[in-house]
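To start, the structure itself, in structure tokens.
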Amino acid sequence: YLVKADFEKSLFNFLQSAKGYEKLKDSFRLSNALMSIGNVYAEIKDAKKTNEYYDKAEKLIIAMNDSMQLSSIYDSKGITYDQQEMYDSALIYLTKAYDISVLLNDTEYAMNSLSNIGLTYKHQFKTAEALKSFDSVKSYFVRTNAPVDRMAALYNNIGATNAQAGNYITALDAFNTSIDYGKKAGSPTIEMENYRNMSDMYGTMKNFERQAFYLKKYYNIKDSIFTIDSRNQLTQLEADYQVEKKN
């Protein structure tokens, strides 16, 4: 449901998961559920709630002294700092996540962190470093037949970085590949991000007709996903969960 941008159903299921693991006193799986709840709020750009659930997960993880989970929460926090444009802090946490994954020989998670590191490099305009990171991740994803939603996100990042570098033909090819993967994954948020990045690219190219075309496609999806009613439903779900916990 999170991939499909159905945030209400996603949050409902993650909250049910958290309640179940609380009853079982299963700290490992509860920390995963809390991180997942934080991920829902990260998607709707609610930084306060995102940090609240990440912090709850981190406390459990530190108490368990679990390195794998520590890598996961560092990666999540790094992404949040990146979204808040706190790029130095983002790199600190993402690099910690990557280093721990390498020490644990968890290549798959290391590649996820490396992809996020590449995106932060892109936001810092360190294009060469970003593309080098993405190239390493791409090689691994192709070799291991990675899930289509991860391929979609990776190619979107590759497209945006090439567009920033002025490599417009390469960027357009990557965007179209990302959109194809995104449709296969049933992920409107990835498709939406591609349209936003393509609009920015055509704006830089002074092709304002194409810029407006893709900006309209971006807002059509965005307006269908991030409705006021949807946000209110998420607030009510979380409130019900907190009341039930107190009871």
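Structure notes:
- DSSP-assigned coil residues among trypsin sites (Lys or Arg not before Pro) in segment 162-247, each with at most 11 further Cβ atoms within 10 Å: 206
- Counting charges near residue 38 (Lys, Arg +1; Asp, Glu -1) among other residues having Cβ under 14 Å from its Cβ returns a value of -1.
- D (Stokes-Einstein, µm²/s), Kirkwood Cα radius, segment 1-125, 0.890 mPa s at 25 °C: 167 µm²/s
- Per residue, segment 4-160 exposes 49 Å² of accessible surface when a 1.4 Å probe is rolled over the protein heavy atoms with every protein chain present.
- Since only 5, 87, 69 are under comparison, the one whose Cα sits farthest along the positive direction of the charge dipole of the chain, derived from C-beta charges on Lys, Arg, Asp and Glu, is 5.
- The convex hull of the Cα atoms of segment 104-247, projected and averaged over all directions, covers 11.6 nm².
- Computed about its Cα centre, the charge dipole of segment 64-104 is approximately 100 debye, with only Lys, Arg, Asp and Glu carrying charge at their Cβ.
- Direction-averaged projected area, Cα convex hull, the chain: 13.5 nm², rounded to one decimal.
- All-pairs Cα distance distribution in segment 172-219, expressed in whole percent, bin size 5 Å: 5, 26, 29, 23, 12, 4, 1
The values are calculated or read from the model by the stated rules, or taken from the named source; none is laboratory data. Bear in mind that the values here come from a model prediction, so they are computed numbers and not experimental data. Every residue, glycine among them, receives a Cβ derived from its backbone with ideal geometry; neighbour counts consider all protein chains shown. Ligands, DNA and RNA are excluded from the accessible area calculation, which covers all protein heavy atoms including side chains. Shrake-Rupley method; radii C 1.70, N 1.55, O 1.52, S 1.80 Å.
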